[in-house]
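The values are calculated or read from the model by the stated rules, or taken from the named source; none is laboratory data. It should be emphasised that the depicted structure is a prediction, and the values quoted were computed from it without experimental measurement. Here the Cβ positions follow ideal geometry from the backbone for every residue, glycine too, while neighbour counts run over all protein chains shown. The area values use the complete protein model at the heavy-atom level, side chains included, leaving out ligands, DNA and RNA. Shrake-Rupley method; radii C 1.70, N 1.55, O 1.52, S 1.80 Å.
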Amino acid sequence: MNPIHEKLIKLLLNNSGPVTSRHLSQMMGISVRSVKTYISQINQEVGNNVIISGNQGYSINAKRVGGLLKKEDDIPQTFDERRDFIIREFLLKHSSSLEIEDICNHLCVSESTLRADITKINRLYENYRISFRFSGDQLLIEGPERSLRKMYSLTLLDNVESSYFDYDLLQDEFSDFNIRSIPAIVRRVFAKYNYFINEFALFNLTLHVAVIIDRLKKENYVQQDGRIDMSEEEKMIVADICEQLEEKYDVRFTNAERDEIYILFRSNANLPTTDEYEKLKEMVGNDISDEALQLIEEIKDRYYVDLSNATFTVPFALHIKNMIYRAQNNRSILNPLSESIILSQPIIFDIALFVAMRIMDDYEIEIDQGEICFLALHIGGEIERQKQTSRKIRTVFLCPSYIDISSQLYNKILLAYSNEIDIISLVQHSSEIGDLKYDLLISTIRTENSRGVSVLISPFLSQKDKINIQDGIESARNRIISRTLKQHFDDYFEKDLFFYKPKDISSRDDAISFLTDNLIKAEYVNDSFKESVMKRELAATTAFGLFAVPHSMEMNALKTTVSVLIDPSGITWEDQRIYVVLMMSIRAQNHEEFTNLYEALIAVFSEEENIKTICSCRTFEEYRKTLLDLIG
């Protein structure tokens, strides 16, 4: 069944009473006219009286459609899976309430189990001031909008899989030719001209080029008036790529296809600047360019994920343009992710479906499931890229346009430091920095910078420049670590898990037993946590001078937290004397964020004077103030 029809049917099934066409249009992000068209199509496909129109809106005959929808075998089994399902339901339905009976039916659990899960979920999100509560037959979610957005975006990131960059999966769908030669050619040409390309951009470029080659082999050409201006070097690069691809795959690129490859090359090899969007408008037209930017804004508002990265926007707009062309000319496309993304990545597929429905509505075309899955590949790939680069230093590169070698310098920096920095913007004047959020500014000119670490380099990237950049990266990383501790202190520390000189604690084993018992009592860890902590401790001590950081070998806590035990008289820890114990329970989803917190704590507590200062803290409030003062 058409996925749009499925979505409409599910919306009607999930409502106990009639739903108006206007309400359906709002939930699906399409026009009222389109809703009525889809309902008519469903009734024609399945039979009359499946969706019934009445004075109060549309209702559905559940018995008649029950066997039409896909059956999902993977019912959430664990607490984490059930929690993620509940949060996804709130997100996908864009609602602050869910039917309790519907949730229980989907999860195949009793209401008592659901209530127990909600109690645990509330403990997890209490520091975010988010709460789930029961009201009659409804489950409600409440909290500050900023916190809700963070929860939704974290859930989305946690559930995105790395399969979006699977060349084998892509090869299965382009069985007529070997796609592996595409990235090999691109790498070879980029290396020849000293251009940098990361794995995410390379896969994205491969995906687009594979589609172009597949269409050319089937004698489907795109005609376009006018050409895009390129520099002499850019012309050589595009010509080199196209000539090698033509020879390898026995195809011939038209000027329009060469322009597309140029736009893709610019958006993936070099960070696009302002003029890149002007070139994009030349390529796809103002209407499609504006449509792409508007859709990205609406995705941010509806799904709390920001896709406004230039390296995503340009290929995304190009894909929309080509998708519209294919639909208007009744030309189909392969389905790169088949059914897998629909079942395993429901939020990603829902975002792609939202985009497809909007385009169908605006251009009065039909878009099939293969195209929707291709959109999902774009969106999921960008989210995975963001996930993978989250540990890198957000960097702005400032280089005036009059310096002829800015492009080469940019690529030299990426070739040297791509594993450590993520250049989020390339600007030509300090006024363009504006509200950009960054931690490191690399610049070829002197400029005022109060928001991050600045590194001044020459236009030639000397050895001294490289040393300065590396020092800047370390300084920026230390600032991030300290900022993380400040921002997340209340997320990971709490009053009930702070202990000053508890009775009968004189040894390592006493301290571990005491702290783990309190974590179990708080329902933050399970009963096996103590055994896992001791197993880790026996493998190698977690003592660092005057303090210890015991933790489990597994990241299976229900909530990430730090328990604090302070004893100015000291505790025997094997052959050492320990004065502060920080027991960490780690939830897998917080691993990246928690790494910064761990490094910040080690840095603070490694100073003997800091240990003495902290040992004077008798209350949680004193401890909080003292620790935050110490990190500055």
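Here are a few things to note about the model shown:
Here is a yes/no grid of residues against (1) open to solvent by less than 20 Å² (accessible area, probe 1.4 Å); (2) more than 15 Å from Ala511 (Cα to Cα):
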| residue | (1), (2) |
| --- | --- |
| Arg577 | no, no |
| Val581 | yes, no |
| Met584 | yes, no |
| Ala588 | no, yes |
| Glu599 | no, yes |
| Glu609 | no, yes |
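- Pair list, Cβ under 7 Å, 6 or more apart: segment 195-214 residue free of Cβ contacts under 8 Å to residues at least 12 places away in the same chain, other residue open to solvent by less than 10 Å² (accessible area, probe 1.4 Å) and among the charged types (D, E, K, R): none
- Residue within segment 386-402 that is more than 22 Å from the chain's Cα centre (by Cα), crowded, with 19+ Cβ neighbours inside 10 Å and closer than 30 Å to Ala603 by Cβ present: yes
- Selection count, segment 542-564, where residues are touching a strand residue (DSSP E or B) at 6+ places or on another chain (Cβ under 7 Å) and over 30 Å from Met151 (Cα atoms): 5
- In segment 523-532, residue farthest from Glu574 (Cα to Cα) [restricted to those that are open to solvent by less than 40 Å² (accessible area, probe 1.4 Å) and either touching a helix residue (DSSP H, G or I) at 6+ places or on another chain (Cβ under 6 Å) or without any contact (Cβ under 8 Å) to a residue 40 or more places away in the chain (or both)]: Val525
- Given (1) of a type outside the set (Gly, Ala, Ser); (2) over 21 Å from Tyr325 (Cα atoms); (3) open to solvent by less than 10 Å² (accessible area, probe 1.4 Å), number of the condition Phe196 does not satisfy: (3)
- Members of segment 548-567 that are in a loop (DSSP other than H, G, I, E, B) and either in contact with a Leu (Cβ under 7 Å, 6 or more places away or on another chain) or modelled with pLDDT of 95 or more (or both): Val549
- Filter result (open to solvent by 90 Å² or more (accessible area, probe 1.4 Å) and at pLDDT below 90) within segment 440-464: Arg446, Glu448, Ser450, Arg451, Phe460
- Checked against the criterion of being within 27 Å of Glu622 (Cα to Cα) and small (Gly, Ala, Ser), segment 513-531 has at least one qualifying residue.
- Count - residues of segment 582-612 that are aliphatic (A, V, I, L, M) and within 17 Å of Met553 (Cα to Cα): 5
- Condition broken by Asn15, with the remaining ones in (1) among the polar types (S, T, N, Q); (2) in a helix (DSSP H, G or I); (3) farther than 23 Å from Gly370 by Cβ satisfied: (2)
- Among the residues of this structure, Ala603 does not count as one that is under 22 Å from Ile520 (Cα atoms), open to solvent by 10 Å² or more (accessible area, probe 1.4 Å) and of a type in the set (A, V, I, L, M).
- Selection of segment 289-312 for residues being in a helix (DSSP H, G or I), β-branched (Val, Ile, Thr) and open to solvent by less than 20 Å² (accessible area, probe 1.4 Å) yields Ile296, Ile299.
So that you can scan it fast, the table gives a plain yes or no per residue for (1) in contact with a helix residue (DSSP H, G or I) (Cβ under 7 Å, 6 or more places away or on another chain); (2) within 30 Å of Phe349 (Cβ to Cβ); (3) of a type outside the set (Val, Ile, Thr):
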{"site": "Gly380", "(1), (2), (3)": "yes, yes, yes"}
{"site": "Ile393", "(1), (2), (3)": "yes, no, no"}
{"site": "Gln408", "(1), (2), (3)": "no, no, yes"}
{"site": "Asn411", "(1), (2), (3)": "no, no, yes"}
{"site": "Ala416", "(1), (2), (3)": "yes, no, yes"}
{"site": "Ile423", "(1), (2), (3)": "yes, no, no"}
{"site": "Val427", "(1), (2), (3)": "no, no, no"}
{"site": "Arg451", "(1), (2), (3)": "no, no, yes"}
{"site": "Val455", "(1), (2), (3)": "yes, no, no"}
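- Inter-residue pairs, beta-carbon under 8 Å, first under 19 Å from Cys617 (Cβ atoms) and in segment 563-590, second open to solvent by 50 Å² or more (accessible area, probe 1.4 Å) and among the acidic types (Asp, Glu), 6+ apart: Ile571/Asp510
- The condition (being open to solvent by 10 Å² or more (accessible area, probe 1.4 Å), in contact with an Asp or Glu (Cβ under 7 Å, 6 or more places away or on another chain) and either touching a residue at least 24 places away in the same chain (Cβ under 8 Å) or more than 29 Å from Asp629 (Cβ to Cβ) (or both)) is satisfied by just one residue among Ile520, Ile467: Ile520.
- The residue list Ser482, Ser513 contains one member that is touching a residue at least 24 places away in the same chain (Cβ under 8 Å), of a type in the set (S, T, N, Q) and either surrounded by 18 or more Cβ atoms within 10 Å (Cβ to Cβ) or within 22 Å of Ile566 (Cα to Cα) (or both), which is Ser482.
- Checked against (1) touching a Leu at 6+ places or on another chain (Cβ under 9 Å); (2) small (Gly, Ala, Ser); (3) open to solvent by 40 Å² or more (accessible area, probe 1.4 Å), Ser506 meets all criteria but (1).
- Residue ID - modelled with the highest pLDDT, chosen from residues in segment 356-375 that are open to solvent by less than 30 Å² (accessible area, probe 1.4 Å) and not in a helix (DSSP H, G or I): Ile365
- For segment 243-260, the candidate set comprises residues that are under 16 Å from Ala184 (Cβ atoms) and of a type outside the set (Asp, Glu); within that set, the residue that is surrounded by the fewest Cβ atoms within 10 Å (Cβ to Cβ) is Lys248.
- Within segment 526-547, the presence of at least one residue that is within 18 Å of Leu497 (Cβ to Cβ), modelled with pLDDT of 90 or more, assigned to a helix (DSSP H, G or I) and aromatic (Phe, Trp, Tyr) is confirmed.
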